[in-house]
Amino acid sequence: MVTNINKIVYEGKAKILYNGLEPKTLIQYFKDDATANNAEKHAIIKSKGILNNFISEYLMNKIELCGVPTHFIKRINDREQLIKKVKIIPVELVVRNKATGSIVKRYGIKESLQFNKPIIEFFYKNDSLGDPLLNENHILEFDWAKPNELEIMKYYALKINKILTDIFNNIKIDLIDFKVEFGRIKDNKNKDFIILADEISPDNCRLWDTDTKKRLDKDIFRKDLGDLIDGYQEVASRLGIKIN
Ligand code: 5GP
């Protein structure tokens, strides 16, 4: 069931944003589309959007409670959440605890290597360029973020890593890496501040069962490892999320 009769503001690979009924809000609709390799691989996976909506609601609430401001306001129904309208900063921050994925390919390091401290990487959010790797000089020189915004995004990314690592450790899941996006909103004095945007779900985290190392995230789809919904459902049920 969806509430929405409003205008589409943006459609991405996995979500649609509509204008919300109240000012400065949007409705974020979670689609069942799964893509990999910059959308070279695509499938519709029934109910993926529902699972991501519930898992992201759960994790955003925890993150907000721990002091990182987020765009999340409330879940409206199975597929939609009400969020604050932000101006997205076109930089994806990836935090890595163990080596897998693109960092292994790029530097030839050992798969599953545990890092001494989490590594933060930045990517330019631009599908037509294939989300290229950035360093901090690029972000500042191209004015994608101000120096204080970059510092706060790094601080929040590491704080989110700690919050999520603790949550997942409790349910015997290793948080290998994840991607976050931030946006700017104005406070009541018209001053910009940074909040967490997008979603936090198995679509943008790597989650491995601690004992078996079984993949419980989108790598199931990327690498054809089995049934994606089984993995996402496992994450939701270990978190204690009940989906109607
Ligand atoms: P990698 O750079 O190894 O491909 O991805 C690192 C982490 O960031 C993984 O958890 C991956 O799911 C997430 N990630 C990186 N880029 C994207 C993206 O464009 N979309 C999504 N959903 N996740 C991403």
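Per-structure values
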| item | result |
| --- | --- |
| Out-of-range pairs (alpha-carbon distance over 22 Å; input 62/242; 110/162; 186/218) | 110/162; 186/218 |
| Hypothetical label at residue 102: residues of the range 171-199 whose amide nitrogen lies under 11 Å (7 Å Cα-Cβ projection) | 179 |
| Inter-site label distance for residue 186 and residue 8 at 7 Å from Cα along Cβ, in nm | 2.9 |
| Using a Förster distance of 35 Å, the FRET efficiency for residue 128-residue 242 (Cβ separation, nearest 0.05) | 0.30 |
| Computed lengthening from residue 36 to residue 112, 0.36 nm per intervening residue step minus Cα-Cα distance | 25.3 nm |
| Excluding exposed DSSP-loop GluC sites (Glu not before Pro) (at most 15 other C-beta within 10 Å), longest clean stretch of the chain | 112-244 |
| Ellipsoid equivalent to the range 130-219 - semi-axes via the Cα gyration tensor, in Å | 30, 16, 11 |
| Chain lengthening between residue 212 and residue 44 when straightened (0.36 nm per residue, less Cα-Cα) | 57.7 nm |
| Distance from the range 78-152 to the range 198-228 (C-alpha centre basis), Å | 19 |
| Shape call, the chain: gyration tensor on alpha carbons, a/c limit 1.5 | rounded |
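Just so you know, all these numbers are worked out from the coordinates, no wet-lab data involved. Remember, predicted model here, so these are calculated numbers, not experimental data. Note that we place each Cβ from the backbone using ideal geometry, even for glycine, and neighbour counts take in every protein chain shown.
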